[in-house]
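Written out below as C-alpha cells is the structure these notes cover.
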Amino acid sequence: MTDLEKEIAVLIVKAVDLEQPAESIDPDAPLYGDVLGLDSIDILEIAVVISKEYGIELHSENVANEKIFASLRALSRHVAEHRTL
C-alpha cells in the first residue's frame, strides 16, 4: 500500500466509522458492496471528505464515479492526478 493509499484508507475509516483498521483494507478490493459493506451514502460521505482534504471536485452525476470509487487504489490514483491541496 502506498503512502497516499494509507492516508486515504484512514480517511475512509473515519468518514464512515468502519470497525476495521485502515491497514486491513485491500487496495484492490471494491469499495462499494460486500467487501467493506459500504453503500451509496457511505461513498457520498467519502467523496465529501476527499473533496475537502484534497481540493478535488467530485460530483454524484459524474459518469466516471464507478471507476474513481472502484477501489482504494483507483481512488488514490484519481486523487494523485487531480489534487489541488
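Computed from the coordinates by the stated procedures, all read-outs in this text should not be read as laboratory data. This one's a predicted model, so the numbers in the text were calculated from it and none came from an experiment. FYI the Cβ positions are ideal-geometry reconstructions off the backbone, even for glycines, and counts take in every protein chain you see.
Per-residue ellipticity at 222 nm computed for the chain from its helices equals -15500 deg cm²/dmol, with DSSP H segments shorter than 4 residues left out and the rest contributing -39,500 (n - 2.57). The listed peptides 18-29, 71-82, 36-47, ordered by packing as a protection proxy, come out as 71-82, 36-47, 18-29 (highest mean of other Cβ atoms within 10 Å first). Each label was represented as a point 7 Å from its Cα along the Cα-to-Cβ direction; for residue 17 and residue 85 these points are 2.3 nm apart. The calculated pair-distance distribution of the chain uses every alpha carbon pair, bins of 5 angstrom beginning at 0, and gives 3, 16, 30, 31, 16, 5, 0 percent.
Considering only alpha-carbon pairs that sit under 8 angstrom and 6 or more positions apart, the relative contact order computed for the chain is 34 percent. Give the distance, in whole Å, between the Cα centre of the stretch 1-22 and the Cα centre of the stretch 41-67. Computed from Cα coordinates, the inter-centre distance equals 15 Å.
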